[in-house]
Amino acid sequence: MIRLEDVQHNPDVEVLMKKVHEYLATMLAITHDEEHAHHVANLSYRILKILDYPEREAELAAIAGYMHDIGNVVNRYEHGRSGALMAFHLLMRMGMPAEEIAVVIAAIGNHEERSGFAVSNVAAAVILADKSNVHYTRVRKEDEATFTTRDRVNYAARESFLTADPEKREIIMNLKIDTSICSVMEYFEIFMVKMLLCRRAANFLNCRFGLVINGNHML
């Protein structure tokens, strides 16, 4: 049985993950580094465990979460699809059963905002874990004048965390935003597609999605 640590310590995966970080750094894009990969892997696992899904399903979510951005080594755009194809070959060589590979690559291929869809519990968990990782430490640029809209929203986010309540069947994204950098309205304008994807992912897990910004319930 292939475990998360097997994937993390696979030499080919290690090289590709390092190259993702290196190539995106040349573009000064939001970080998709080892820390982000670990965060998404761990949170994907916790979401399914808290909601009482099977252990193996939670571990497959962790594996998909760890590998979800690997396609950035090819190109930043459509990296979900290229990453899914790469993960297929990597996991096949490692000896993972085809049935489990299908679950992992579907989650990787469906995590992007404009083309993603919660096709499984694993895919839903990865979407929620990835899209909730909004934080100023992910911004590489130092000159605010050069910020993209995505940079600005991330830079404004001082705190972000996701909670899941198995009894209320709620998944809540909590944000603390510096409104001198980005207003709450701007956040909605920029990340509306992301939030809608999170809501659909939560609904797939039979949960309500909520958004709390600076202590105010927005959704």
Of the candidates E59, E35, E55, E22, the one satisfying the condition of being free of Cβ contacts under 8 Å to residues at least 12 places away in the same chain and either more than 20 Å from V139 (Cα to Cα) or surrounded by 18 or more Cβ atoms within 10 Å (Cβ to Cβ) (or both) is E55
If only one of S82, S120 is over 20 Å from L51 (Cα atoms), of a type in the set (S, T, N, Q) and at pLDDT 95 or above, which one is it? S82
Pairs, please: C-beta under 9 Å, at least 6 apart or cross-chain, first residue more than 22 Å from N121 (Cβ to Cβ) and in segment 189-201, second of a type outside the set (V, I, T) and part of a helix (DSSP H, G or I)? I190/R150; I190/R152; F191/K131; F191/R150
Anything in segment 195-219 that is among the charged types (D, E, K, R) and either touching a Phe, Trp or Tyr at 6+ places or on another chain (Cβ under 9 Å) or at pLDDT below 90 (or both)? List them, or say none. R199, R200
Filter segment 75-98 down to residues that are among the small types (G, A, S) and buried (at least 18 other Cβ atoms within 10 Å of the Cβ) and give me whichever is nearest to the chain's Cα centre (by Cα). G80
Considering only residues of segment 1-19 that are part of a helix (DSSP H, G or I), out of contact with any Leu (no Cβ under 9 Å at 6 or more places or on another chain) and not aliphatic (A, V, I, L, M), which is surrounded by the most Cβ atoms within 10 Å (Cβ to Cβ)? Q8
Residues of segment 2-27 being aliphatic (A, V, I, L, M) and touching a helix residue (DSSP H, G or I) at 6+ places or on another chain (Cβ under 8 Å), in sequence order, are I2, L4, V7, V13, L16, M17, V20, L24
Any chance you could count how many residues in segment 105-136 are free of Cβ contacts under 8 Å to residues at least 40 places away in the same chain, within 13 Å of the chain's Cα centre (by Cα) and more than 19 Å from L90 (Cβ to Cβ)? 2
Would you pick out the residues in segment 158-177 that are surrounded by 16 or more Cβ atoms within 10 Å (Cβ to Cβ) and within 21 Å of D52 (Cβ to Cβ)? L162, A164, I171, I172, M173
Go through segment 186-219 and give me each residue that's surrounded by 14 or more Cβ atoms within 10 Å (Cβ to Cβ) and β-branched (V, I, T). I190, V212, I213
For G71: the one exception among (1) touching a Ser or Thr at 6+ places or on another chain (Cβ under 7 Å); (2) surrounded by fewer than 23 Cβ atoms within 10 Å (Cβ to Cβ): (2)
Please count how many residues of segment 38-52 are surrounded by fewer than 20 Cβ atoms within 10 Å (Cβ to Cβ) and in a helix (DSSP H, G or I). 6
I'd like the residue in segment 99-121 that is of a type outside the set (V, I, T) and assigned to a helix (DSSP H, G or I) and, out of all such residues, is surrounded by the most Cβ atoms within 10 Å (Cβ to Cβ). A107
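The values are calculated or read from the model by the stated rules, or taken from the named source; none is laboratory data. Values in this document were obtained by computation on a predicted structure and should not be read as measured data. Here Cβ is always computed from backbone atoms with ideal geometry, including for glycine, and neighbour counts include all displayed protein chains.
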